[in-house]
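I have placed the structure first, in the form of structure tokens, so that the comments after it can refer back to it.
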Amino acid sequence: MSKNVGSIDRILRIVVGLALIAFALGYIAPGSPLHLLGWIGMVPLATAAMGSCPLYSVFGLSTCPMKASH
């Protein structure tokens, strides 16, 4: 998989992922369906760690800076 997630995008994904996990662990009862937000928070963390987003690939998007060609 090629890298298609830029630095700012990665930081935002990490923040959103951690916020979803923290919210689910701190404010939602474990038996509640909303407790799944913690697991959903793993998706942005995983894509940030890999540096690649499958949805970006499907739509041909990239937030990585373009390399200058000489």
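Throughout, read-outs are computed from the coordinates displayed, never taken from laboratory work. Because the structure is a prediction, the values reported are computed rather than measured. Here Cβ is always computed from backbone atoms with ideal geometry, including for glycine, and neighbour counts include all displayed protein chains.
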Restrict the search to the stretch 1-51; then list the trypsin sites (Lys or Arg not before Pro) that DSSP places in a loop and that have at most 14 other Cβ atoms within 10 Å of their Cβ.
Lys3
Would you mind calculating the relative contact order of the chain from Cα pairs under 8 angstrom and at least 6 residues apart, reporting the percent as a whole number?
48
Whole-angstrom Cα spans of the chain along principal axes, big to small:
57, 20, 14
How do Met42, Met1 line up, fewest other C-beta atoms within 10 Å first?
Met1, Met42
How far, in nm, would the chain grow between Leu34 and Met1 when pulled straight, counting 0.36 nm per residue and subtracting the alpha carbon separation?
8.7 nm
Grab the Cα-Cα distance for Ala22 and Leu45, subtract it from 0.36 nm times how many residues apart they are, and report the gain in nm with one decimal.
7.0 nm
